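Values quoted throughout were computed directly from the atomic coordinates according to the rules given, and no laboratory measurement underlies them. Since this is a predicted model, take the numbers as computed values, not measurements. With ideal geometry, Cβ positions are generated from the backbone for all residues, glycine too; neighbour counts draw on all protein chains shown.
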Amino acid sequence: MKRLSIFVSGNGTNLQRIAEYFLEDFEVKIENVVCNNPKAYAIERAKKLGIPVRMITKQDFNSEAFTQELKSLGIDLIVLAGFLWKLPESLVKAFPKKIVNIHPALLPKYGGKGFYGEHVHEAVVAAKEPYSGITVHYVNELYDSGEIILQARVSLDEKETPDSLAAKIHQLEQAYFPVAIEQVLNAIQ
Ligand code: GAR
């Protein structure tokens, strides 16, 4: 049995998709959803999916006790699914190559502080990039710079807007994120 902890801050469409993807896989369990935003719709999704929600403040998040809590739950992989806080170094060190993130662009471009959600799509459209896409990567101590696990790309149309690009990226995320997670889980002993 592999145990996942999924960290969220917003809508939770990736959480929903991951939960549905692994629903009938009895070797994979989503142990909890960790959320830093009391207004996140992801909380409702987790409740409907029957997954316990652990709300966090900055203070618990940065505490050693929180890392130990995840360890004592036997978490094998932490999945950042639209989670917008930087991880404390101690958490990253406690889960080496056991934390993955999804980013809505083709890293290393359009990554780093401030590049999240629609801000990424606005920048990509403004720069008239021919392509954008998604990157699933391991998490290290810096923003958006860990080893890349999977990228998928999509082309921009001449009349692309940040909203139309967001819809394309959403489709890529729904198709590829669970598959990338499955690959990572299969590689964990
Ligand atoms: C996703 O598009 C994800 O790639 C992005 O936030 C969105 C969350 O959507 N993540 C980042 O921008 C991280 N820097 P969701 O809450 O519906 O899954």
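For Q59 and E141, what is the calculated FRET efficiency with R₀ set at 22 Å and r taken between the beta-carbons, to the nearest 0.05?
0.65
Largest first, please: the extent of the C-alpha atoms of region 53-95 along each principal axis, to the nearest Å.
23, 22, 21
What is the extension gain from R3 to Y41, computed as 0.36 nm multiplied by their sequence separation minus the C-alpha to C-alpha distance, in nm to one decimal?
Roughly 11.4 nm would be gained on extension.
Quote the relative contact order of the chain in percent (integer), defining contacts as alpha-carbon pairs under 8 Å separated by 6+ residues.
On the way: 319 pairs, mean separation 36.4, N = 189.
Rounded, it is 19 percent for the chain.
Within region 112-163, report the trypsin sites (Lys or Arg not before Pro) that DSSP leaves as loop and that have at most 16 other Cβ atoms within 10 Å.
The qualifying sites are K113, K128, K159.
Percentage of Cα-Cα pair distances in the chain greater than 31 Å, rounded to whole percent?
Looking at the chain, the distances longer than 31 Å represent 13 percent of pairs.
Separation of region 19-62 and region 127-189 by C-alpha centroid, Å?
21 Å
Enumerate the whole-percent occupancy of each 10 Å bin, from 0 to the last occupied one, for all C-alpha pair distances of region 64-173.
14, 44, 26, 13, 3, 0
For region 89-189, which GluC sites (Glu not before Pro) are in a loop by DSSP, counting at most 16 other Cβ atoms within 10 Å?
Answer in residue order: E141, E147, E158.
So for region 44-122, considering every pair of alpha-carbon atoms, how many percent are separated by more than 17 Å?
Of all Cα-Cα pairs in region 44-122, 57 percent lie more than 17 Å apart.
Could you tell me the calculated FRET efficiency between S90 and T161, based on Cβ-Cβ distance and R0 = 30 angstrom, to the nearest 0.05?
Details: r = 41 Å, r/R0 = 1.36.
For S90 and T161, the calculated efficiency is 0.15.
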